[in-house]
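The values are calculated or read from the model by the stated rules, or taken from the named source; none is laboratory data. Nothing here was measured: the structure is a model prediction, and the numbers come from that model. Cβ placement follows ideal geometry from the backbone for every residue including glycine, while neighbour counts extend to all protein chains displayed. With ligands, DNA and RNA removed, areas are computed over all heavy atoms of the protein, side chains included. Shrake-Rupley method; radii C 1.70, N 1.55, O 1.52, S 1.80 Å.
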Amino acid sequence: MNSQINVSDSDPDQSDQAAKLFREHGTLFLQNAFPRSLIQSVADAFAEKYLSMSKKELRKRDAVVGDRRYMVTVDIKKPFNRPELYANPQLMPILERLLSPHLRIASFGAVVAWPGAESQPVHLDHPPLFDPAEQNQLLPPYAVTLVVPLVDVTPEIGPTAIWPGSHSDPNRLQQLSQLMEAADYSDAEMPVTKLGDAYMMDYRVIHGGMANNSDTVRPILYLVYSRPWFRDGFNFSSQPSVQIGKKQRKKVPDRWQGLFRK
């Protein structure tokens, strides 16, 4: 990918460089973003609670977002309720530069693609906020999705296809319409990740999950960070966007309480 950083590098200017790359491309690959042991513990907990559910139960409980593909709002308790996960010390300075020091977590969940899942329709995560639609590309980001794969992502298991630069393209909706009619992936980037890697996407960027041609389920955790005024009523009409109880909320350090403001 043209837009990437190695988070383990101790570069004092990394946050500024990362924010610049993200603004230009609408996406940023984050190598070694998290300790592998942390993500493995999260993956194990996710598998125990959510991957044990039948597809019928998932359909009743959560949103269907494609063929054999489900969106799950995660119950934020151990090990999900850990500051090193939702407030990663290397990533928060980047997110604050992109959004605001008063940013919040707009949604916290996962998308699960079962073996045999077909490619997801190419899409935007949210319709344009303002009319005319072309004006939206002139604005700074209002929401950023942090994707944390809970397995190693290979071409066979189905990476996310991302069209870099589409977030700021004045012809974005026309491009989306053409891709929806006949998806051409020649201009897309598809991050292949190891456990502990992650990537960010502007909420306006064109993207879509690829087919899962493996015999392994592919869960990816997502945390959407936003400016304090943004509320996503488009994707969360039938399930909560963030699910954290009072007891778990008290465990959040004072420094990060604002992330979970309603």
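Worth a mention:
- Check on A133, buried (at least 19 other Cβ atoms within 10 Å of the Cβ), out of contact with any His (no Cβ under 9 Å at 6 or more places or on another chain) and among the hydrophobic types (A, V, I, L, M, F, W, C): no
- The set of residues from the stretch 9-57 being over 25 Å from D187 (Cβ atoms), hydroxyl-bearing (S, T, Y) and either assigned to a helix (DSSP H, G or I) or at pLDDT 85 or above (or both) comprises S15, S37, S41, Y50, S52.
- Residues that are open to solvent by 60 Å² or more (accessible area, probe 1.4 Å) and either touching a Phe, Trp or Tyr at 6+ places or on another chain (Cβ under 9 Å) or under 19 Å from L98 (Cβ atoms) (or both) within the stretch 186-210 comprise just one, D187.
- Output for the stretch 211-233, where each listed residue is assigned to a loop (DSSP other than H, G, I, E, B), open to solvent by 10 Å² or more (accessible area, probe 1.4 Å) and either under 23 Å from Q40 (Cα atoms) or β-branched (V, I, T) (or both): N213, S214, D215, T216, V217
- The residues of the stretch 166-203 that are among the basic types (K, R) and closer than 15 Å to H123 by Cα amount to a single one, R172.
- Members of the stretch 100-115 found to be open to solvent by less than 10 Å² (accessible area, probe 1.4 Å) and either assigned to a loop (DSSP other than H, G, I, E, B) or over 19 Å from Y199 (Cβ atoms) (or both), listed by number: L103
- Options F236, F260; residue that is surrounded by 14 or more Cβ atoms within 10 Å (Cβ to Cβ), aromatic (F, W, Y) and farther than 15 Å from A110 by Cα: F260
- Test: residue in the stretch 197-220 that is more than 13 Å from the chain's Cα centre (by Cα), under 19 Å from N88 (Cα atoms) and not aliphatic (A, V, I, L, M): no
- Residue in the stretch 58-65 that is touching a Ser or Thr at 6+ places or on another chain (Cβ under 9 Å), part of a loop (DSSP other than H, G, I, E, B) and at pLDDT 90 or above present: no
- Answer from M190, M201, M180 - the residue that is in contact with a strand residue (DSSP E or B) (Cβ under 9 Å, 6 or more places away or on another chain) and farther than 18 Å from T145 by Cα: M180
- Considering residues of the stretch 146-158 that are of a type outside the set (A, V, I, L, M) and open to solvent by 10 Å² or more (accessible area, probe 1.4 Å) only, the residue nearest to the chain's Cα centre (by Cα): D152
- Matching residues in the stretch 53-74 - criterion: being in contact (Cβ under 8 Å) with a residue 24 or more places away in the chain, within 18 Å of the chain's Cα centre (by Cα) and open to solvent by 30 Å² or more (accessible area, probe 1.4 Å): V65
- Residues in the stretch 139-178 that are touching a residue at least 24 places away in the same chain (Cβ under 8 Å), over 28 Å from L85 (Cβ atoms) and assigned to a helix (DSSP H, G or I): S166, S168, R172, L173, Q175, L176.
- Which numbered condition P89 misses (of (1) open to solvent by less than 20 Å² (accessible area, probe 1.4 Å); (2) in a loop (DSSP other than H, G, I, E, B); (3) under 16 Å from A198 (Cβ atoms)): (1)
- Taking first residues from the stretch 12-32 that are buried (at least 24 other Cβ atoms within 10 Å of the Cβ) and partners that are assigned to a helix (DSSP H, G or I) and hydroxyl-bearing (S, T, Y), the Cβ contacts under 9 Å between residues at least 6 apart in sequence or on separate chains come to G26/S166; G26/S168.
- Among the residues of the stretch 179-193, those that are in a loop (DSSP other than H, G, I, E, B) and of a type in the set (G, A, S) comprise A182, A183, A188.
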